[in-house]
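The values are calculated or read from the model by the stated rules, or taken from the named source; none is laboratory data. None of these values were measured; they are calculated from a predicted model. Cβ placement follows ideal geometry from the backbone for every residue including glycine, while neighbour counts extend to all protein chains displayed.
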Amino acid sequence: MPTKTIQVAAVTTPNQWTLGAGADKVVAVNGPDDDDVSYIVSVGASYEQYSLASNSIPSGSTIGSVSVFSRCKKNTGSNSAWRVAVILGANSTESGTHAASSGSYTNATDVLLRPGGGTWAMNDLTTLQVYVRNLNTNNTRCTSLWLIVVYTPPANTGQMLEMFN
């Protein structure tokens, strides 16, 4: 099954992290991974939420899974811990806890269930949002945050017609 990476498009609410380095918060967490060249940094226990950019998944595709990729590290203190989530309307699905105590960036890819239950649909991707949450008072840096969607393209429903003279 093909996969498609969907980058973030805009900061939404809550907007509680600060820009550590880079042009802006969206550029700081979009690909490619560039570690300390561009990143956002938490201010204690806090959330940073984003809307998603448009995608080129073919209309009529079936969504198999949605994952959130994050790359974070501790900024201050003895350790840091973060979670990511997808938000759909009033519902959210949050990942387990990720820890980065060494000061080195740690990658995490979390396959998340559809918020509110049910199966993923193409139109979910138009309103879906993603967040990163710092779980403790030690500051965390995040240099990457985006979605990875696994999908099945629609079957070719067109009919071929051959004409012979």
Of all residues in the stretch 139-161, which are touching a strand residue (DSSP E or B) at 6+ places or on another chain (Cβ under 6 Å) and in a loop (DSSP other than H, G, I, E, B)? 139
Leading residue by the ranking (nearest to residue 44 (Cα to Cα)) among those in the stretch 77-96 that are at pLDDT 95 or above and polar (S, T, N, Q): 95
Which residue out of 38, 104, 51 is more than 16 Å from the chain's Cα centre (by Cα) and at pLDDT 95 or above? 38
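Go through 102, 92 for me and flag whichever is within 26 Å of residue 34 (Cβ to Cβ) and among the small types (Gly, Ala, Ser). Before the answer, list the steps.
On the way: 92 fails: within 26 Å of residue 34 (Cβ to Cβ).
None of the other options fit; the residue is 102.
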Do the conditions hold for residue 74, that is, is it touching a strand residue (DSSP E or B) at 6+ places or on another chain (Cβ under 8 Å), at pLDDT below 95 and either surrounded by fewer than 16 Cβ atoms within 10 Å (Cβ to Cβ) or on the phi < 0 side of the Ramachandran plot (or both)? yes
Would you pick out the residues in the stretch 58-77 that are over 13 Å from the mean Cα position of the chain (by Cα), not hydrophobic (A, V, I, L, M, F, W, C) and not in a loop (DSSP other than H, G, I, E, B)? 62, 64, 73, 74
For the stretch 1-58, what are the residues that are among the small types (Gly, Ala, Ser), without any contact (Cβ under 8 Å) to a residue 40 or more places away in the chain and surrounded by 13 or more Cβ atoms within 10 Å (Cβ to Cβ)? 21, 22
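Criterion first (of a type in the set (A, V, I, L, M, F, W, C), touching a strand residue (DSSP E or B) at 6+ places or on another chain (Cβ under 9 Å) and closer than 26 Å to residue 136 by Cβ) does residue 86 satisfy it? Step through it out loud before you land on a result.
Working: of a type in the set (A, V, I, L, M, F, W, C): yes; touching a strand residue (DSSP E or B) at 6+ places or on another chain (Cβ under 9 Å): yes; closer than 26 Å to residue 136 by Cβ: yes.
Taking the combined requirement at face value, the residue satisfies it.
Pick from the stretch 1-42 the residues that are of a type in the set (D, E, K, R), out of contact with any strand residue (DSSP E or B) (no Cβ under 6 Å at 6 or more places or on another chain) and part of a loop (DSSP other than H, G, I, E, B): which of them is farthest from residue 86 (Cα to Cα)? Write out each step before concluding.
Within the stretch 1-42, the subset of a type in the set (D, E, K, R) is 4, 24-25, 33-36.
Add one more test, that the residue is out of contact with any strand residue (DSSP E or B) (no Cβ under 6 Å at 6 or more places or on another chain), and what stays is 24, 34, 36.
Among the residues that remain, those that are also part of a loop (DSSP other than H, G, I, E, B) are: 24, 34.
Working: 24: 22, 34: 23 Å.
My answer is 34.
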